[in-house]
1. Going by average Cβ neighbours within 10 Å, how do the peptides 171-181, 66-76 rank, with the highest at the top?
2. If each residue of separation counts as 0.36 nm, what is the full-extension length gain between Arg301 and Ser89 once their alpha-carbon separation is subtracted?
3. How would the stretch 125-206 be classified by its alpha-carbon gyration tensor: rounded, prolate or oblate, with rounded meaning a/c under 1.5 and the a/b versus b/c comparison settling the rest?
4. From the square roots a ≥ b ≥ c of the eigenvalues of the alpha-carbon gyration tensor of the stretch 727-843, which class results: rounded (a/c under 1.5), prolate (a/b over b/c), or oblate?
5. Measure off 7 Å from each Cα along the Cα-to-Cβ vector at Asp765 and Asn840, then give the distance between these two points in nanometres to one decimal.
6. Please list, in chain and number order, the residues 5+ apart from Gly418 or on another chain whose amide H is under 5 Å from its amide H, with Hs placed from the backbone.
7. What is the distance, in nm, between label points placed 7 Å from the Cα along the Cα-to-Cβ direction at Asp711 and at Ile801?
8. How big is the dipole moment of the stretch 725-804 about its Cα centre under a simple scheme where the beta carbon of each Lys and Arg is +1, that of each Asp and Glu is -1, and everything else is neutral? Debye, nearest 20, please.
Amino acid sequence: MKTTPSGSEYHLNGMNTLIRSRSGNQHTAEFEHFKDFTIASAWERFISEIEAVCRQWLADGAKNLVEKSAICLDAAKSIYKVRSELKYSTKNYIMDYYFEPSSQGRGADWITPSHDLQQSFGVKDFLVIAPQSASGVVLDAPEASKLLSAVAIALSNCASLWPAFVPVHDPSRRAYIGIQNMGTIFTRRFEADRIGSQVPIKLMHLEGLYELFVSKFAYSTVDLSMHLFEVHFKMKLTYRTLPTDDDDEVERNAEFQGTGEQPEVDTNKKVQWDYVCPWSEWYSAEDPAKGLELITVWSERSILSSLDMAELENASPFDAEKWLMSPNISLNLEILDKSMVGFASQLHLLVNALDSSLEAQYVEDFVSVENSGSENVNSSAVIPPPTVLDRVLKELLHDDTKLNFVNGETNNSQAIKGAPLNSLFAQFCLHALWFGNCNIRAIAVLWIEFVHEIRWYWEELQPLPRMPTNGTIDLSTCLIHQKLQMFALCIEKLRQEKQEQDGGAKTDDDDDSVENSSQSFSDASPSLEVYDDSFAEYDSKKPSDNLLRSSVATSKSNSNQQNLAGATDPSPSEPTRKGSAGVVGSMMLLKSQQQMHAPLTQNLPLMTEDMHEERLQAVEALGDSFSFSAQLEKETLSSDMSAFKAANPDAVFEDFIRWHSPRDWENDDSGEPGVSQADANKFANTKWPPRGRLSKRMSDNGNSWRKIWNDAPAVPVSEQKPLFDPKREGEKVLHYLETVRPHLLLEQMVCTAFKAAADTLNHTDFGGLKLMKSRMEQLYVTMASALKFLQRKKTIDSEHIEDLKRLCDIFKSVEQLLITAASLHLKFLRAPRLSEEIFNDFYKVYLPRMGTGAENRETDMVPSKKHQILPREREVVAGMFTPPTANQSWRKVLSMGNLLNGHEPILREIIFSKRDHVSGSYYAGSEDGGHLQEIETYRMYMSGTSNDISVALAVASCD
């Protein structure tokens, strides 16, 4: 083999040339005709080219190569590659340099992800040179040897210790030959090959693999089974959970470890993994945690004979020193695809329906294809058959008395103006997501039939299902939910009236309009403070806020009239007192100096948001600062004044103001507007009436309150006409539901559907993962901001639709993230540390892709990190390897040991090594001739199964 001359030889050749040139021409030195005969041949030029490339890579260093053009080969960014193209004779070659940017050396062989050659030969940085062909391997043995020699010479000239490899034989064999200069007289040679089928039975077991390694350094005539050869051994076994077989009956009894409970399903039927999750009522999600790989590691130990190997083969995986786990979690970025079903995909369809709803004036226009205004609607809209419609309405209107309207919402969801999760309209929206393909025609049909069913409840006076009847209307919800609340209250009121009529005549004390709690008014000062605020509401011309007065009025009448009357029976000389709720503290009437009584009053009539807005618009249109605001409340105010007069026959207008609106009674001193009962006689002659007067606005001529007072008769509440007409208000609600514009319906459906879907997902038990909880809170904030424009009653344009579709993408990401969290939590109920650690690593990878809506099939699987399993967690992980079923194992023949619950390792990796002590005299640069150093003279890496085995041998020698 020809080698490159040393530097002195270069210098000598140059001097000879210079002497010859001077003898031919004494005037000039002709260096331009210098001939370097050391690279005269193509072979030498090929070596020189390899050397130049390697010197450049060495000069750049790993850090600069990463910044320039190196290609990262794994998600962990632990190994990179640079490439250079070379040419020798008529053939083109590719030389790749694989390197790790970290300068801390190789990590553990079993844990750190690496290139196959790193694992096989225990090297870090290396070169691979191969022909630029379809196969990428050298099929000719002399050519392979020549390539390896060229690279070895070039690396020697560079003083580099990089190992070099050449792929040989058929590509399926993954065979290599290689060489490495160890910096001494020792050279390490490498060889790797693979048996892809018909593995000898002897090599299926650890004893045979041990004897194969020993045969590489023992004499061939020695009986290997009868002699002891100390070698070093370590092993890694990889197990993988079997994929779910659709033909198997899945029983979940043992799946929920540590719960101690039996699943509430028929175990003879196949159930989905997520049947306990809240979204399972609407769809079944694909399990993102498709399985796991378990790695058991036996640390290095000394082996003396094949008998030791037989014992190891029969050992349990629980005997391994270390367990590592790598879950297989799919990113599943295609949830918006039609083939993937989830809340996000259906919300996307609902947004499309909202876009289509702008094309018609009435919901009925979408039912008939001929009347539909859009060709796109005609071509794609599908209406489910009547049987499906009947089933949906039956489920929707099922009367579930156990529904909890409080627990259905969170503080975060209240910022979204929709209906509560368990309410009738929220359930309608969720059913609409899955009715047909959630197109505008299907929604129109469902809504029309839904309103027809609502009318039936009205005509039959049946309680409206899924609606509370607590006597209030929640103005923070959407308008349709408010209307349904009003409707349910109207039905309840009419049912009560009908029951009272059927039960006979009523007394004043039994009047339904005055049914309240039995709270006494003996300490009515807090009520006065509330009324003080109530008057401020009148004054600020905000009739919409007067709904608060309903609870105030109730508190004023929270006594039983008959019981209170007994405590304050009037004398025969006093006028008849009716409808008293009790004495108001120490206050006394100005004219008669009698104790003031608080009257029983009617509750304010219920109003929805649009009714409040109508009143506000009327106030703004007419603009009379105070008098018109009072005129709007005339009926309510007149009712209160009539009740006050009936409870206080000798009262004057000033008495009513002192009770109803203390701010409009101005005292001349700092005393109370009235006097105490104990001092009534004392101040009867000297300080009565108290020094005070009405406020300026109450004392003005033509004040509307005084006019109402003068016109109001003394009538107790039991004899007054009710302020609230349930029959009229119920018919108004039905009219609204039947004539609501399509885009207004869809706007409220979009808000409610987003809110209800998020609330449903938020009920998922994911084990208290902080990152998941934070992401859900952020989703609510994002939805509240994105859906706000739907509450402003502005025209929806294409930009708004695009914003809603982007919101669907964000919702999709959080939905998939939460499904993953739930899956991990179910699988690791008794190992919460593992579920949190796995989820946190998954979250770091998934976070940059959230809300992009992009499809990336190449990165569909998350780069899995190996998580160490603590001894107390091993039983939990081992329990996931359920014994294989008949369908899964009928064609498998167990020929390897170390079984885990009947599961054979999918990969067995073994490293045998032999170390020898060599004298320091072998080392070229050694100064201590008697020093001995230990080097690894033999190393064999074996990986595979009983049907496929790869062997890589590295031998260090000084020949």
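1. Ranking, from highest mean packing down: 171-181, 66-76.
2. On the way: separation 212, 0.36 × 212 = 76.32 nm, distance 5.02 nm.
Roughly 71.3 nm would be gained on extension.
3. It comes out oblate by the Cα gyration axes.
4. Since a/c reaches 1.5 and a/b is larger than b/c, the shape of the stretch 727-843 is classed as prolate.
5. Between Asp765 and Asn840, the label points sit 2.3 nm apart.
6. Cys478
7. The answer from the label model is 5.3 nm.
8. Using Cβ point charges on Lys, Arg, Asp and Glu, the stretch 725-804 gives about 220 debye.
Each reported figure results from applying straightforward, stated rules to the coordinates on display, with no laboratory input. Keep in mind that this is a model prediction, so the values were computed, not measured. FYI the Cβ positions are ideal-geometry reconstructions off the backbone, even for glycines, and counts take in every protein chain you see.
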